[in-house]
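Heads up, the thing below is written out as structure tokens.
The values are calculated or read from the model by the stated rules, or taken from the named source; none is laboratory data. Predicted, not measured: the structure shown is a model, and the values here were computed from it. Cβ atoms come from the backbone with ideal geometry, glycine included; neighbour counts cover every protein chain shown. Side chains are part of the model used for accessible areas, which takes the heavy atoms of the whole protein and leaves out ligands, DNA and RNA. Shrake-Rupley method; radii C 1.70, N 1.55, O 1.52, S 1.80 Å.
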Amino acid sequence: MVAYKLTYFNGRGAGEVIRQIFAHAGQDFEDVRVTMEQWPELKAGTPFGQLPYLEVDGKPLAQSHAIARYLAREFKLNGQCPWEEAQVNALADQFKDYSSEAKPYFYAKMGFGPGDVETLKKDVFLPAFEKFFTFLSNFLKASGSGFLVGKSLTWIDLAVAQHSADLIAQGIDFSKFQDLKAHSEKIQAIPQIKKWIDSRPETPF
């Protein structure tokens, strides 16, 4: 039996979609949660000096989306054909672009970066949010299935649904994106995902 060990900080962030892939598959894994105090000592021993990284039978794999893509192939959450897999990957890459654009806002909000949170929300986050979620809405409409790509769950559904849920919990206005709100509720109601959400450690982000 393959042994999986995921190392990430004690939060959802870039590690949560990986945990939810495991949860959906019913796959046991070691969920190592590193504190900020532990991190400096551990950093040099990671593949790229960052988290998360996954060990598969002791072999390390870094970069959250590389890990998610690998596991999605293993557990059939990468689309039903090569074209769907490519579409999933395109959305994932666009998600990274959005995250980079919105990063100053999120870092300031979490206390990790400089700037006035409300100013950054207006000038940085909201334009990035509206652009990315319009793309997502277009994909939902095109699929017509309630999933972002094709007619079945993929790992990008898990990633987007969790991010939507986090934004809604923070009070972000989803009045223009009721379809994405419904998508988040649908995905997070999947029994394996709901069980994980109900039992995971409570963290602020």
Hits in the stretch 162-205 - residues which are in contact with a Lys or Arg (Cβ under 8 Å, 6 or more places away or on another chain), within 21 Å of HIS24 (Cβ to Cβ) and not β-branched (Val, Ile, Thr): GLN162, SER164, ASP166, GLN188, TRP196, ARG200, PRO201
Residue within the stretch 13-35 that is farther than 24 Å from ALA165 by Cβ and in a helix (DSSP H, G or I) present: no
Any hit, the stretch 109-126, residues being assigned to a helix (DSSP H, G or I) and under 30 Å from GLU74 (Cα atoms): no
Residue list for the stretch 143-182, restricted to those being outside any loop (DSSP other than H, G, I, E, B), open to solvent by 60 Å² or more (accessible area, probe 1.4 Å) and in contact (Cβ under 8 Å) with a residue 24 or more places away in the chain: LYS176
Qualifying residue in the stretch 73-95 (condition: in contact with a Lys or Arg (Cβ under 9 Å, 6 or more places away or on another chain), part of a helix (DSSP H, G or I) and without any contact (Cβ under 8 Å) to a residue 60 or more places away in the chain): yes
Out of GLU55, GLU101, sole residue that is outside any loop (DSSP other than H, G, I, E, B), at pLDDT 95 or above and not assigned by TED's automatic domain parsing to the domain that holds SER137: GLU55
Any hit, the stretch 129-142, residues being in a loop (DSSP other than H, G, I, E, B), among the acidic types (Asp, Glu), open to solvent by 40 Å² or more (accessible area, probe 1.4 Å) and over 23 Å from TYR70 (Cα atoms): no
Any hit, the stretch 41-50, residues being among the acidic types (Asp, Glu) and in contact (Cβ under 8 Å) with a residue 24 or more places away in the chain: no
